[in-house]
Structures are given as structure tokens and as C-alpha cells.
Amino acid sequence: DTGVSQNPRHKITKRGQNVTFRCDPISEHNRLYWYRQTLGQGPEFLTYFQNEAQLEKSRLLSDRFSAERPKGSFSTLEIQRTEQGDSAMYLCASSLSIDSGELFFGEGSRLTVL
Amino acid sequence: AQRVTQPEKLLSVFKGAPVELKCNYSYSGSPELFWYVQYSRQRLQLLLRHISRESIKGFTADLNKGETSFHLKKPFAQEEDSAMYYCVLRSEKLVFGKGMKLTVNP
């Protein structure tokens, strides 16, 4: 399967713990996006990379959130000192920069903070 | 500000009925709009984009700049159309509406 891969698929953690999600994009895609989705809402943009450069970050991305794409391939999204409000589905997507209207999404990583 | 509004959260119709999923947008530039769909237990995926002006799975959407709308229409809904539908506006990133759940009953 050459689609976007995310892991873990589910993560349950206690408030205050750190969590990290990984995303492996489609190999030839140079853009990688992170979105967050809560119940009843559409995906909300968090950040995106073009190759290894992080080009934009949403105000939703507090200082407890950090994302990296060190070699322009896979990406990680870390949440430090998790809060219950961080509970959500974290979606990763990738695209070609020449056609960034079509995003290919992963299945998401669902975070539950107790 | 970039904003996408899908005024209805739920739409339930019977098979063969016409459907229209409403979308309004707010954007100061020249908009580029899309509809994304998520079927049950599947990934979010692109359904259609306004630039291509094509019909996908019987769905069409026309960009109306005067009314700032991009409604999705299908004349005869099928059960397999049941899904979550998101209207999406593109700037540097994609801005999603809150989505609408379409249920097509047999």
C-alpha cells in the first residue's frame, strides 16, 4: 500500500503525558500537512511542510505542539503535557506542490487524554 | 478572512431523490474550491474541484462568485452516496467546512 500511513492509530494517555504521532506520506509528495478533527467539526489546519521546511503554523498549534519533518520524508507531531482538550483525531495528508488542491489523507491517529 | 460555511449538518433523502449540499465561502482573493468526501470507514478524499468543471459519480458543483457559493448537486441520489461531505477552500492550505452528513435511504 503506497498511501499515507499514520501511527499509532489510537493513543490513550493521561493528562500531562507527552505523545508523538508519526506520518509517512506518499513517497514522491513534497508537501505534508497536519490537521486536527474533533467531533462534529471539519478538519482544522495545524501546520504544513514543503520538503523539510515548515512553512506555516496555525494559531491552534500552541507551544506544547511541535512538528518536524527532518529529512523531507516522514513527519512527527509531538504534544507535550497533554490536556483533555487535545483529545481529537490527528490527520496527516500529503500532496505534490504542483497540485496542492488534492490532499491524500491518512487514516488518522485518534488521541484520548484522560 | 477565509471561511467556509456549510449551513446544514444533516440531510436525509430517499434513493432517487435530488440532493443539494450547500456551501458558502468568504475569501478576498480568487477562490479555488473543492468538495471532499469521507465514506464510512474510509479516508477523506477529493470528490471534485471547481476548476475541472466535471461530474464525478453524478455530482456537479458550480462556483457562483456573485453569491459566493459552491453547492454540490446530484439529480438522483444513490445509497452509496451516503457519506460526510466537506466543502473546502484553498489558499496556501485547505480550509474545510464543518461537513454535512448525507444519508440516502433505500
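Given a 1.4 Å probe, how much area per residue of chain B is accessible, in Å²?
52 Å²
Can you tell me how the protein assembly as shown classifies by the Cα gyration tensor, rounded, prolate or oblate, using a/c under 1.5 as the rounded cut?
prolate
What is the Cα centroid distance between region A:2-61 and region B:49-106, reported in whole angstrom?
24 Å
Which value, in debye to the nearest 20, gives the size of the charge dipole of region A:42-114 about its Cα centre, when Lys and Arg are +1 and Asp and Glu are -1 at the Cβ?
Details: 7 positive and 11 negative charges, 35 e Å.
Dipole of region A:42-114, to the nearest 20 debye: 160 debye.
Hey, what does the equivalent ellipsoid look like for region B:1-90, semi-axes from the Cα gyration tensor as sqrt of 5 times each eigenvalue, largest first, whole Å?
On the way: eigenvalues 96, 36, 32 Å².
One finds semi-axes of 22, 14, 13 Å for region B:1-90.
What residues does region B:32-74 have that are buried by at least 40 Å² of accessible area in the full protein assembly compared to the chain on its own, 1.4 angstrom probe?
When all protein chains are present, B:36, B:43, B:44, B:49 each give up 40 Å² or more of accessible surface.
Express the accessible area of region A:1-77 per residue in Å², computed with a 1.4 Å probe while the remaining protein chains stay in the model.
On the way: 4290 Å² over 77 residues.
Heavy-atom accessible area per residue stands at 56 Å².
Distance in nm between label sites at residue A:83 and residue B:10, each 7 Å beyond Cα in the beta-carbon direction?
Result for the modelled spin labels: 3.1 nm.
How long are the three semi-axes of the equivalent ellipsoid of chain A, in whole Å, if each is the root of 5 times an eigenvalue of the C-alpha gyration tensor, listed from largest down? It would help to have the intermediate numbers written out before the result.
Working: eigenvalues 102, 39, 34 Å².
Equivalent ellipsoid of chain A: 23, 14, 13 Å, largest first.
Using a 1.4 Å probe on the protein heavy atoms, what percent of the accessible area of chain A belongs to carbon and sulfur? Kindly include the intermediate steps, with their values, before the conclusion.
Numbers: 2570 of 5720 Å².
Heavy-atom surface of chain A belonging to carbon and sulfur, 1.4 Å probe: 45 percent.
Hey, can you list the residues from region A:1-28 whose accessible area shrinks by 30 Å² or more with all protein chains present, relative to the chain by itself (probe 1.4 Å, no ligands or nucleic acids)?
Buried-area filter returns no residues.
At a 1.4 Å probe, which residues in region A:65-109 are at least 50 Å² less accessible with all protein chains present than in their chain isolated?
Flagged in region A:65-109: A:101, A:105.
The values are calculated or read from the model by the stated rules, or taken from the named source; none is laboratory data. Since the structure is predicted, the reported quantities are computational estimates derived from the model, not experimental observations. No Cβ is skipped: glycine too gets one built from the backbone with ideal geometry, and neighbour counts run over all protein chains shown. Side chains are part of the model used for accessible areas, which takes the heavy atoms of the whole protein and leaves out ligands, DNA and RNA. Shrake-Rupley method; radii C 1.70, N 1.55, O 1.52, S 1.80 Å.
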